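Down below is the structure, laid out as structure tokens.
The values are calculated or read from the model by the stated rules, or taken from the named source; none is laboratory data. All of these numbers come straight from a predicted model, not from anything done at the bench. Because the Cβ atoms are built from the backbone with ideal geometry, glycine has one as well, and the counts that use them run over all protein chains shown.
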Amino acid sequence: MLECLFQLCRHYHITASPSTLIAGLPLENGQLDTPLFIRAADRIGLSARPLKSSLDQLNKLVLPAVLLLKNNKACLVTDISDDDPSAKQYRVLSTESGGCSLVEWAALEQEMTGEVIFVKEKHQYDERTPETLNLPERHWFWGTLLRSRKIYRDVIIASVVVNLFVIVSPLFIMNVYDRVVPNNATDTLWVLAIGAGAAYFLDYLLKKARSHFIDIAGKKSDILLSAQMFEQTLGLQFSARPVSVGSFARNLQEFDYIREFITSSTVATLVDLPFTLLILAVVGLLGGPLVFVPIAGIVIIALHSWFIQPGLRAAIENTQRSSAQKHAALIETLSGIEGIKAKSAEGELQHRWEQLTGHIAMWDIRTRSLTTSAATLSALVIQLVNIGIVVCGVYLIVDQSLSMGGLIAAVMLSGRSLAPVAQLSGLSTRYYQAKSALIALNKVMDLPVEQQNHNSSLKTPDISKNILLDRVSFQYPKQHGVALNNISLEIKAGEKVAVIGRMGSGKSTFQRLLMRFFTPTAGHIRVDGIDLQQLSPHELRDRIAYVSQDTQLYFGTIRDNIALGAGYVDDEKVLEAAELCGVTEFTNRHPLGLQMPVAERGSNLSGGQRQSVALARALLSNPSVLLFDEPCSAMDSLTEYQFRERLRELAADKTLIMTTYKSSMLELVDRIIVFDRGNLIADGPKDKVIEALEQGKVTL
Ligand SMILES: Nc1ncnc2c1ncn2[C@@H]1O[C@H](COP(=O)(O)OP(=O)(O)OP(=O)(O)O)[C@@H](O)[C@H]1O
């Protein structure tokens, strides 16, 4: 299917490579399925719709279409030739050569599964036709909820009927008191009872169906929204990365409040709220002026809810902010526990933790006390309204303007009219929690991501070509001073270069810019004459073996960690990379070999072992550029020696750019670049630069 999508790109003249098309998608075994195909197509401006269709139903006007074939295969049909009506032929784009072939009806029909994905280009306006009415863009949250609008429409219809049934019971009781009892009409009683019973049974079914539908809509939105949020988190530009991982994670977790808000109880209360007016109208019809008693009750509850709003808002805001702070402290402590223990700083952190917990508890209690006060007041008001209705009703009965049955019906109905209003305070708590969570998430969703348009990047040229830095400067966001200052240099294909300099001189920053983790604040980086910004970051990174100073390993096995991001790879290739980087030195001693478990962040491995796994991972895809930041800093001298010798062979036909403090590693390079405080202070053949350093002509 990926190949069909790639062919569709060619068909519609969209520039995108296969790796850009699937970048960031949750593929299973490296394959696209129908939902993922639709997602991938949507990102490049194509609209894809899967339908069940037979080959005969396929009309050439709706082509191109992707035909799903047996054995998980697919083909792209671009035309139907019906010159000869007895033998229709289908023009199928060949995925290998990009050429076309004509396939007979019978051959295709035999292979088809019956599912066809119709694909068309979404219309794109260009800058010559600017927007005039500034129509709102589809919001990530509301737009997703809108997708379930049909379900919510059914929920509203069910709610109307459910609320109509609310008046059944009071009317039944009224008729029993006013007509059945005075006339001993037991037959009528049974007719009424059966009618009311049937109505209640229907009411039960509708309520069940309503909550089921609300849950389905909520679940659907939940899955879509969570996927969008995670995609956004993974795609964030490095420059927009949150200051605190812990509080960022907490903000994402607050999505739970939104989830709660869009599920059953809240939505049902919200939908029931307007029907209070209908029930009040029935009370008015039955009891005339009696209706003013529940209205007074509603006004008191609503006013109380309104008065507590500012306090509630403040309490919820403070609870959520302090929870984010607490979460940030927890993550920071857990990730740096060794340093804390080494300095016996547990007490300090414990103090900070307890202070935060106390602060959260204080605001939590405030939220609860406000919500409870509203709930208690509502319960009191409902009781008082009942008494009020009975007292006023008796006067009306004495006045003969109300029947006994009418009074009982009015008491029952007024209780029902107050029920949704009584939930207002609980509703507003959930509303503010969801609103605050939505604001925090809106900020996350507005952060810039690396690749907004998956079809706007150029296909990455072979980056084994020259890499040129043209007056490149870079300053980290919210930092004083530049990390790199006006750097111009060219690294030729196949060159072996060491980047050296004192700590903080900009060596790692230089590599991060080459990886496009950050964009230069001035100047340009070009690969084969093309600005790095025009290239797809995913493709670019696929072609560079990058190993950073902080080796990152993930929970799983050594094999999982080596094959990370590579999709399906042969065991042989994994073993080859593992041997090359010295991983087998320690996995061979383990009973599980390459299946040896790795704890989170690789905490069960030594620094050197982590480094060798990271190197094996980088070298697995046989890239054309090797970009290493202190590759052997944590290795013992024997492992380093063995790695160096193997790297010498491996890097023979590749470009090697390596930062190092180890003079032994300089054996691998021909050229040395020296940085100092972000400036390029020396660049030349290895021997000359070393000589200049020794003679003090270049000082670090
Ligand atoms: N993520 C970051 N955010 C803000 N500033 C940073 C960041 N990373 C590095 N810096 C700053 O940029 C400058 C260059 O750092 P860089 O990591 O490139 O140095 P380096 O030469 O690799 O140092 P070392 O040899 O110690 O790793 C330093 O002043 C550092 O404080």
Exercise. How many residues does the range 19-37 hold that are in a helix (DSSP H, G or I) and under 17 Å from the mean Cα position of the chain (by Cα)?
Worked result: 3
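So, in the range 430-450, how many residues would count as being of a type in the set (Val, Ile, Thr) and either at pLDDT below 80 or more than 26 Å from the chain's Cα centre (by Cα) (or both)? First the steps, then the outcome.
To start, the set of residues in the range 430-450 that are of a type in the set (Val, Ile, Thr) comprises 439, 444, 449.
Still in the list and also either at pLDDT below 80 or more than 26 Å from the chain's Cα centre (by Cα) (or both): none.
Count: 0.
Residues that are away from the ligand (no atom under 16 Å from the Cβ) and over 30 Å from Gln595 (Cα atoms): which strands (runs of 3 or more DSSP E) entirely in the range 456-555 hold 3 or more of them? Even if it seems obvious, please write down each step before you answer.
Working: elements: 467-474, 484-491, 496-501, 522-527, 544-547.
Strands (runs of 3 or more DSSP E) meeting the threshold: 467-474, 484-491, 522-527.
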Problem set entry | Evaluation of Phe213 against (1) buried (at least 17 other Cβ atoms within 10 Å of the Cβ); (2) among the aromatic types (Phe, Trp, Tyr); (3) within 15 Å of the chain's Cα centre (by Cα) (one fails), failing number | (3)
For this session: Taking Ala545 as meeting all but one of (1) closer than 21 Å to Ala652 by Cα; (2) surrounded by fewer than 22 Cβ atoms within 10 Å (Cβ to Cβ), write down the number of the exception.
Result: (2)
For this session: Could you tell me whether the range 571-585 includes any residue that is free of Cβ contacts under 8 Å to residues at least 40 places away in the same chain, buried (at least 20 other Cβ atoms within 10 Å of the Cβ), under 28 Å from Glu28 (Cα atoms) and not small (Gly, Ala, Ser)?
Result: yes
For this session: Can you run down the residue pairs with Cβ atoms below 6 Å, 6 or more apart or on separate chains, where the first is in the range 461-485 and over 26 Å from Glu495 (Cβ atoms) and the partner is modelled with pLDDT of 85 or more and within 12 Å of the ligand (Cβ to nearest atom)?
Result: Gln475/Val482; Tyr476/Ala483
For this session: Could you identify the single residue in Ala87, Ala16 that is part of a loop (DSSP other than H, G, I, E, B), at pLDDT below 80 and closer than 30 Å to Glu450 by Cα?
Result: Ala16
Exercise. Given the conditions (1) of a type outside the set (S, T, N, Q); (2) farther than 29 Å from Ser81 by Cβ; (3) part of a loop (DSSP other than H, G, I, E, B), and given that Asp42 satisfies all but one, which numbered condition is not satisfied?
Worked result: (3)
For this session: Output the qualifying pairs, or none if there are none: Cβ atoms under 9 angstrom, residues six or more apart or on different chains, first residue in the range 486-510 and in contact (Cβ under 8 Å) with a residue 60 or more places away in the chain and among the basic types (Lys, Arg), second residue within 6 Å of the ligand (Cβ to nearest atom) and in a strand (DSSP E or B).
Result: Lys507/Gly501
Exercise. What are the residues in the range 631-653 that are crowded, with 20+ Cβ neighbours inside 10 Å, in contact (Cβ under 8 Å) with a residue 60 or more places away in the chain and assigned to a loop (DSSP other than H, G, I, E, B), if any?
Worked result: Pro631
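So if I check each of Leu280, Leu312, which one is more than 30 Å from Val391 (Cβ to Cβ), at pLDDT 85 or above and not charged (D, E, K, R)?
Just one listed residue meets the conditions, Leu312.
For Ala375, are the conditions met, namely being hydrophobic (A, V, I, L, M, F, W, C) and surrounded by 13 or more Cβ atoms within 10 Å (Cβ to Cβ)?
Values: hydrophobic (A, V, I, L, M, F, W, C): yes; surrounded by 13 or more Cβ atoms within 10 Å (Cβ to Cβ): yes.
Here the answer is yes, as Ala375 does meet what is asked.
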Exercise. Between residues in the range 301-315 that are closer than 17 Å to Leu380 by Cα and residues that are among the β-branched types (Val, Ile, Thr) and modelled with pLDDT of 85 or more, which pairs lie under 8 Å by C-beta distance while being six or more apart or on different chains?
Worked result: Ile301/Val381
Problem set entry | the range 661-675, subset modelled with pLDDT of 90 or more and not hydrophobic (A, V, I, L, M, F, W, C), residue surrounded by the fewest Cβ atoms within 10 Å (Cβ to Cβ) | Asp670
Exercise. When Arg677 is evaluated against the numbered criteria (1) farther than 26 Å from Asn485 by Cβ; (2) within 13 Å of the ligand (Cβ to nearest atom); (3) basic (Lys, Arg), which criterion, by number, is the only one it fails?
Worked result: (1)
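Table: residues versus (1) over 23 Å from Val168 (Cβ atoms); (2) of a type in the set (A, V, I, L, M, F, W, C).
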| residue | (1), (2) |
| --- | --- |
| Gln253 | yes, no |
| Phe261 | yes, yes |
| Val267 | yes, yes |
| Asp272 | no, no |
| Thr276 | no, no |
| Ala281 | no, yes |
| Gly284 | no, no |
| Phe292 | yes, yes |
| Val299 | yes, yes |
Exercise. Of the residues that make up the range 58-66, is at least one closer than 28 Å to Ser621 by Cα, in the same structural domain as Cys100 (by TED's automatic domain parsing), touching a strand residue (DSSP E or B) at 6+ places or on another chain (Cβ under 7 Å) and not aliphatic (A, V, I, L, M)?
Worked result: no
